[in-house]
Amino acid sequence: MYEGIVQDLIDEFGRLPGIGPKSAQRIAFHILQTPQFDVSHLAQLLVDVRERVRFCDICGNVSEQPRCAICRDPRRNQTLICVVEDAKDVAAIERTREFRGLYHVLGGAISPIAGIGPDDLRIAPLMQRLADGTVQEVILATNPNLEGEATATYLSRLLHTLEIRVTRLASGLPVGGDLEYADEVTLGRAFEGRRSV
């Protein structure tokens, strides 16, 4: 729609996840029309992120060091590991301030349609972490979708052979939601996970 470099910029923003054509266009024009926008700082941050950020050698979370801040924190409960699909999930759980254990990032979920099997995930490193007997409970916090459920089922069967308690995050109705809009699986899980009041 636009000529040359402006369209290239819009196209590049549009390649980012969650950014549609209109959002890409708005971002590009914000950069073009805001004189005080520091483009060189943004460009340098992007370069620095690619050069300095890595994945933690232990859990797979993002870090600028070989071990992430959570794995380095001696106050964390070493007997508890929460297994998540992506590093973004670590941030979401940390925001709740409810979990004080360690994490293990799988790097995705089992998805035969996308060609992702158990060998494509960080399951072997998880098993190595569990081998020394320190961990007493593994919490499976994969997403409540088809791929996340398949991954949780696979892991629960795999971990069943170990002397470790395996739990799954509860799922059910969202706060503020209406029953009439809930899907059957969510409503069914809400009934399964009901508790005394």
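The values are calculated or read from the model by the stated rules, or taken from the named source; none is laboratory data. Bear in mind that the values here come from a model prediction, so they are computed numbers and not experimental data. All Cβ positions, even for glycine, are placed from backbone atoms using ideal geometry, and neighbour counts span all protein chains on display.
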When you look at Val53, is it of a type in the set (Val, Ile, Thr), surrounded by fewer than 16 Cβ atoms within 10 Å (Cβ to Cβ), touching an Asp or Glu at 6+ places or on another chain (Cβ under 7 Å) and more than 26 Å from Glu192 (Cα to Cα), yes or no? yes
What are the pairs with Cβ atoms under 6 angstrom where one residue, in segment 132-157, is surrounded by fewer than 16 Cβ atoms within 10 Å (Cβ to Cβ) and the other, located anywhere, is assigned to a strand (DSSP E or B) and basic (Lys, Arg)? Sequence gap at least six, or different chains. Glu137/Arg165
Pick out the one residue from Thr34, Thr79 that is surrounded by 10 or more Cβ atoms within 10 Å (Cβ to Cβ) and either closer than 18 Å to Met127 by Cα or touching a residue at least 12 places away in the same chain (Cβ under 8 Å) (or both). Thr79
Would you pick out the residues in segment 116-138 that are at pLDDT below 95 and either at positive phi or under 14 Å from the mean Cα position of the chain (by Cα) (or both)? Gly133
I'd like to know if segment 74-84 contains one or more residues that are of a type outside the set (Gly, Ala, Ser) and modelled with pLDDT under 95. no
Complete set of residues in segment 94-126 that are in a helix (DSSP H, G or I) and within 16 Å of Arg165 (Cβ to Cβ): Leu126
With respect to Thr161, is the statement that it is among the hydroxyl-bearing types (Ser, Thr, Tyr), in a helix (DSSP H, G or I) and either in contact with a helix residue (DSSP H, G or I) (Cβ under 9 Å, 6 or more places away or on another chain) or in the same structural domain as Ala109 (by TED's automatic domain parsing) (or both) true? no
Report yes if Val90 is at pLDDT 95 or above and touching a helix residue (DSSP H, G or I) at 6+ places or on another chain (Cβ under 7 Å), otherwise no. no
Filter segment 1-13 down to the residues that are part of a helix (DSSP H, G or I) and surrounded by 11 or more Cβ atoms within 10 Å (Cβ to Cβ) and list them by number. Val6, Gln7, Asp8, Leu9, Ile10, Asp11, Glu12, Phe13
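Condition check ((1) under 16 Å from Val138 (Cβ atoms); (2) within 22 Å of the chain's Cα centre (by Cα); (3) of a type outside the set (Gly, Ala, Ser); (4) modelled with pLDDT of 75 or more) across all residues:
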| site | (1), (2), (3), (4) |
| --- | --- |
| Glu163 | yes, no, yes, yes |
| Arg168 | yes, yes, yes, yes |
| Gly176 | no, no, no, yes |
| Leu179 | no, no, yes, no |
| Arg195 | no, no, yes, no |
